Amino acid sequence: MTFKIFIIVCALILNSDGKHSLKQVVILSRHNLRTPLSKDLTDLTPKPWPHWREKRGYLTAKGAHLEGLMGRYFSAWLCKEEILHKDCPTEDMFYAYANAKQRTRASAESFVKNAFPNCDVKVHYEKESDPVFNPVIHNITTKFMDVALKQMNKRLDQLSLNNSLLFMENILDYKDSEQCRVENKCDLCADKNSINVAVGEKPNISGPIKVAKSAIDSFVMSYYEGFPIKDVAWDFIDNNKKWELIMEISKGYHDVIFNTTLVARDIAAPLIKYMTDIFTNAEETPRVTLIMGHDANVLTMLNSMEFKTFTLHKQFEKSPVGGKIVFQKWYDNKSKKNLLKIDYVYQSMEQLRNGLNLSLDKPPQFTQLELTSCPVDVNGFCLWDDFLLFLKSIVGNN
């Protein structure tokens, strides 16, 4: 899309709802498609893994393309709702802030480059250990650690993953792996899992659940990248039920380390504070803010803010690559009140794999979200003032 076309689109699309006016948007996003994170995949199976062009943990060229599609979609939507209207947005109109890791920074850069072509929109970032994004434990008290470990171990004990782990053993030929031969770790169902929690560190699980999760991460990214199906889990995952079966492991792993409210609020406190400052200082903050982080940021934020349970249709990940929690401040022209609406905007498995173009006529997937503390009406709105009161209560308690 050229710069001139962008302006024409802005001029021709009218606001779809005369009853409400969009005043502010905060987009919390996970980076897009990257290469697998684990450096030990070759130890988990005698089978060959697919070859990636980019470094481990880097945004791929396909990921940049996919995030660009989201950028173009969002620019059209924001323009349609008349919250952005200038040729190139100034930083009081649009502000992009990313974690400094390559995959997050490059995702944000691809988003803004495609959202605002021929515009010099800067992506701001700090050091990689930026506390806003760094998903580490902050609380140094013994009481916190004791309670956190107790809650996390309870979640771990409640997991029922044997069918999923047995399937993973079969996919990997795990009993013929280097890990089995050298370390005598050969049974994903029977080997011990342990939770590791330390101040200044990201919580994690060591053991078979982590082993399986690392392999699943490669399967998911390979599928999104568009590798031939024979190179995605060696063609073992040939239907949706099998995807659901293995993804239970990843969801279980994240549920243990990120989904107890005590730990989630501790980890997410700097991010929640940053977002709260944006929401509560509307006159001094940009109309639209893009915050580009990681799945840990999205997951701990969702738990910290006590979102009601939701389902992402046409997706097996709880926090898909490129997925965005979109906080929207709307003004009701009739009641003269500010309202909150929150959507999870993401690409389906097939939109990601096939790199399908997005537009207002062919949008990404939308799932409406609801906060426990701010019940929505039939149109998905709750009172903005109730939202602010809730935010102040959790920020004050952290």
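The values are calculated or read from the model by the stated rules, or taken from the named source; none is laboratory data. Bear in mind that the values here come from a model prediction, so they are computed numbers and not experimental data. Quick reminder, even Gly has a Cβ in these numbers, built from the backbone with ideal geometry, and neighbours come from all protein chains shown. All accessible areas refer to the heavy atoms of the entire protein, side chains included, with ligands and DNA or RNA removed. Shrake-Rupley method; radii C 1.70, N 1.55, O 1.52, S 1.80 Å.
Using C-alpha pairs under 8 Å with a sequence gap of at least 6, the mean separation divided by the residue count of the chain gives a relative contact order of 25 percent. Across all Cα pairs in segment 221-306, the calculated P(r) in 10 Å bins from zero up to the longest distance comes to 15, 31, 25, 21, 8, 1 percent per bin.
To the nearest 20 debye, what charge dipole does the chain have about its Cα centre, counting +1 at the Cβ of each Lys and Arg and -1 at the Cβ of each Asp and Glu? Display every interim value, and only then the final one.
On the way: 50 positive and 48 negative charges, 56 e Å.
Computed charge dipole of the chain: roughly 260 debye.
Suppose the chain between LEU166 and ASP386 were pulled fully straight at 0.36 nm per residue; how much longer would it get relative to their current alpha carbon spacing?
On the way: separation 220, 0.36 × 220 = 79.20 nm, distance 4.68 nm.
Full-extension gain reported as 74.5 nm.
What pairs in LYS55/LYS324; LYS39/LYS62; LYS39/LYS314 have C-alpha atoms more than 27 Å from each other? With Cα atoms farther than 27 Å apart: LYS39/LYS314. Excluding ligands, DNA and RNA, the accessible surface per residue across the chain is 46 Å² with a 1.4 Å probe. Tell me, what is the percent relative contact order of segment 263-358, built from C-alpha pairs under 8 Å that lie six or more residues apart? Rounded, it is 22 percent for segment 263-358.
Relative to the first principal axis of the alpha-carbon coordinates of the chain, what is the inclination of helix 102-115, with its axis defined by its Cα atoms, in degrees from 0 to 90 and to the nearest 10? Long axis of 102-115 versus the principal axis of the chain: about 30 degrees. The long axis of helix 142-158 is offset from the longest Cα principal axis of the chain by roughly 70 degrees.
For segment 26-157, what is the relative contact order in percent, using Cα pairs closer than 8 Å and at least 6 residues apart in sequence? Could the numbers behind the result be given before it?
Details: 136 pairs, mean separation 31.3, N = 132.
Dividing the mean separation by the residue count of segment 26-157 yields 24 percent.
Taking the alpha-carbon centroid of each part, what is the distance from segment 183-223 to segment 160-182 in angstrom? Centre-to-centre (Cα) distance: 12 Å.
Taking Rh as the Kirkwood radius, which is the inverse of the mean 1/r over Cα pairs, what is the Rg/Rh value for segment 254-398?
Rounded to two decimals, Rg/Rh equals 0.96.
With respect to the chain, whose longest principal axis is taken over its alpha-carbon atoms, helix 261-280 is tilted by about 20°.
Between segment 231-271 and segment 323-386, the C-alpha centres lie 23 angstrom from each other. Calculated on the alpha-carbon coordinates, the convex hull of segment 97-248 measures out at 163 cubic angstrom per residue. Look at where the Cα atoms of segment 79-111 and of segment 34-54 average out, and the two centres are 33 Å apart.
Secondary structure note: in the chain, about 65% of the DSSP beta bridges are antiparallel.
Could you work out the Kirkwood radius for segment 320-398, taking every pair of different alpha carbons, averaging 1/r and inverting it, reported in Å? This gives a value of 14.4 Å.
Obtain the radius of gyration and the Kirkwood radius of segment 310-354 from its C-alpha atoms and give Rg over Rh.
Working: Rg = 14.6 Å, Rh = 12.4 Å.
In segment 310-354, Rg relative to Rh is 1.18.
Computed over the Cα atoms of the chain, the ratio of the radius of gyration to the Kirkwood radius (Rg/Rh) comes to 0.97.
Working out 0.36 nm times the residue gap between LYS337 and ALA282, then minus their Cα-Cα distance, what length gain in nm do you get to one decimal? Don't skip to the answer; put the middle values down first.
Working: separation 55, 0.36 × 55 = 19.80 nm, distance 1.46 nm.
The LYS337-ALA282 span can extend by a further 18.3 nm.
Helical runs assigned H by DSSP (4 residues or longer) give the chain a calculated mean residue ellipticity at 222 nm of -13500 deg cm²/dmol, each run adding -39500 (n - 2.57) before division by the residue total.
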